[in-house]
1. So how much accessible area does residue 26 have, in Å² to the nearest 10, using a 1.4 Å probe?
2. Could you tell me what percent of the accessible area of region 1-50 is made up of carbon and sulfur, with a 1.4 Å probe and every protein chain present?
Amino acid sequence: MKAVTYNLENGQIIRTELENKKVFKENYSTYLDLNKFTLPNIKEGSIIEVSYRTLEQDLFNFKTWEFQDDIPKLQSQYIAIIPASFTYNVVLRGPYRLDDQKREKF
């Protein structure tokens, strides 16, 4: 997991990285663990960038992506890398459509 907070202070862009000690793992239930984190130096007007990578063993069910649904955001992105020999039926839920669906063979 990587996270950065960007702030504009006195005409300069200040970049503050997430520290490992600010990441907390919570056992939410028998089947679900949550990773929570506290972003550094957050204030009104901050730009945050969060990325993480996970390797899923369940090839039939993708994890849902929810990022602070009750807090406004400009962009939220989900990237899935799927072996070329697999075919999935995509079902979207919610009011928003996908901006982009790229397919590339590696």
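1. The value for residue 26 is about 70 Å².
2. Numbers: 2070 of 4290 Å².
Of the solvent-accessible surface of region 1-50, carbon and sulfur hold 48 percent.
The values are calculated or read from the model by the stated rules, or taken from the named source; none is laboratory data. These numbers come from a predicted model, not from an experiment. Accessible surface is based on the protein model in full, side chains and every heavy atom, while ligands, DNA and RNA are left aside. Shrake-Rupley method; radii C 1.70, N 1.55, O 1.52, S 1.80 Å.
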